[in-house]
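The next block holds one structure in the form of structure tokens; read it before the comments.
The values are calculated or read from the model by the stated rules, or taken from the named source; none is laboratory data. Owing to the predicted nature of the structure, the values given are computational and were not obtained by experimental measurement. Using ideal geometry, Cβ is built from the backbone for each residue, glycine included, and neighbour counts are taken over all protein chains shown. Accessible surface is based on the protein model in full, side chains and every heavy atom, while ligands, DNA and RNA are left aside. Shrake-Rupley method; radii C 1.70, N 1.55, O 1.52, S 1.80 Å.
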Amino acid sequence: MRISTAHNYDTSVETLQKRQADMSESQMQLTSGKRVNRASDDPIAAARAERALATISNSDANQRALDASRNVMTLTESALGDTVDLLQQAREALVAAGNGSYDGQQRDSLAKRLEEIRKQLMSVANRPDGGGGYIFGGQGSESPPFADAPDSTNPLGHSVQFQGNGGETMSAATEALSLTVDGGATWLTAPSGNGMFVTSAAKNASTGDYTNTGTAWITPGTVADPTTFMATAMPANGYAITFDTTTTPTTYSVVDQDSSSTVSTGNYTSGQAITFNGMSVTISGTPANGDSFLVKDSQYDLSVFDALDKAIYGLQNETTAGNVQQVVNTGMSDIDSVLSNIQTSRSKVGEALNRMDGIESRNSSLKLAAQTERSNAEDLDMVDGISNFQNQQSGYQAALQSYAMIQKLSLFQYING
């Protein structure tokens, strides 16, 4: 078989170029640290790496959403903690107002203290989230979500209204994360009374003042017989407990305000429970003839601010011992209710923060798994890479030496020699 000199030269040069290209590819892999630098290097491994990269990107996005939510929930937890402290101060002021030796001026001073607490609570309710929004803004609010507005049903002539959108703004992360809190549900929807029914002294419909003239007051009451209570429908207008002091001893009657039918009657003893239709209430003090107390169905509409407004108005305007005590008892019951609602919201925020720790752990594990998968798919084993490069380098040097020797064996070299 004849092999021409030109063929030998072409084959040698081609081999040298291939070895040089292989060595250059190995050098690029060593420089980048990756075995797969282009999809054509290993299409299957490149696809695995791309999927892993998408998972890493999603994990990073989820972490950013988690950080944003944690910031808001931390601010919310702090705000609710401040709210609890302020409501405790309001409760202490009401306890002090129950001191029978206090005169009108001292009660008015306590009412002013409650007004200052109310202002601080309004500031907490409108606390910004640091990103241009408000932590209690619900699904969005460009302005402070809570504001005073005229309200004829409030004894002070105004009440705090929620101006945001109800609900919560959620992140677009894999797991739902809150970026705001429903301010309306947190601040304005505590159950009135004891959560099942509401007790109060009779009031003037136009002024909101208590109309009783005696010294008696009523407690929030309890459910004495749940089965009977649940089986008996509460009248829309509730029950009226009215006293008759023209007899000896004083008697009371419980009247259904819808049907005007008498539900229960009995002799009155101060501090002794009055039980009817599964409910038990206690009235203490000395009622005047015709004094009346009401028992109505509880509603989830008690506002933190309305609770304070009623207490402020009562301390400023009520003068008789019984009515003052009723203001104190009702005010403490209302504050206990809104305080419980705030603490429930705070517990939910705490649970959300705890859940975020678990989400962050799962997110970190998923990201690490994706990074490992990407590394397995495209990263270069440096020991093998260096060894391979050294072998290619040695082979290239040998090929160069071989080419240098072969090119001297041509006929022309022989003739010229």
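Assorted remarks:
- A simple spin-label model places the labels of Gln401 and Asn71 6.5 nm from each other, with each point 7 Å out along Cα-to-Cβ.
- Stokes-Einstein D for segment 52-173, Kirkwood Rh over Cα pairs, 20 °C, 1.002 mPa s (µm²/s): 123
- Projected label distance in nm at Glu142 and Thr372, using a 7 Å step from Cα toward the beta-carbon: 5.0
- Note on Ala321/Gln89: beta-carbon distance plugged into 1/(1 + (r/R0)^6) with R0 of 30 Å gives a FRET efficiency of 0.75.
- Given the chain, longest segment not containing exposed loop trypsin sites (Lys or Arg not before Pro) (DSSP; at most 15 other Cβ within 10 Å): 39-417
- Each of Ala236 and Arg64 was given a label point 7 Å from its Cα along the Cα-to-Cβ line. The distance between the two points is 5.5 nm.
- Full extension of the chain between Gln20 and Arg355 gives 114.9 nm of extra length, using 0.36 nm per residue less the Cα-Cα distance.
- Note that the chain presents 52 Å² accessible area per residue, ligands and nucleic acids not counted, probe 1.4 Å.
- FRET efficiency for the Lys112 to Ser365 pair, using the beta carbon distance and R₀ = 41 Å, is estimated at 0.15.
- Kirkwood Rh, angstrom, segment 241-379 [1 / mean 1/r, Cα pairs]: 20.1
- Structure-based [θ]222 nm, the chain - -39500 (n - 2.57) summed over DSSP H runs of at least 4, per residue, nearest 500: -18500 deg cm²/dmol
- Of every Cα-Cα pair in segment 132-179, the percent that sits beyond 17 Å: 47
- Sorted from longest to shortest, the spans of the Cα atoms of segment 185-227 along the three principal axes equal 33, 29, 15 Å.
- Directionally averaged shadow of the chain, computed from the convex hull of its alpha-carbon atoms, nm²: 35.3
- Orientation-averaged projected area, Cα convex hull of segment 221-295 (nm²): 4.7
- Across all directions, the average projected area of the convex hull around the alpha carbons of segment 80-135 is 3.9 nm².
- Dividing the Cα radius of gyration of segment 113-260 by 2.2 N^0.38 Å, with N the residue count, gives 1.47.
- Ratio of Rg to Rh over segment 163-213 (Cα coordinates, Kirkwood Rh, two decimals): 1.30
- Extended-chain gain in nm, criterion 0.36 nm per residue less alpha-carbon gap, Asn391 and Gln257: 38.0 nm
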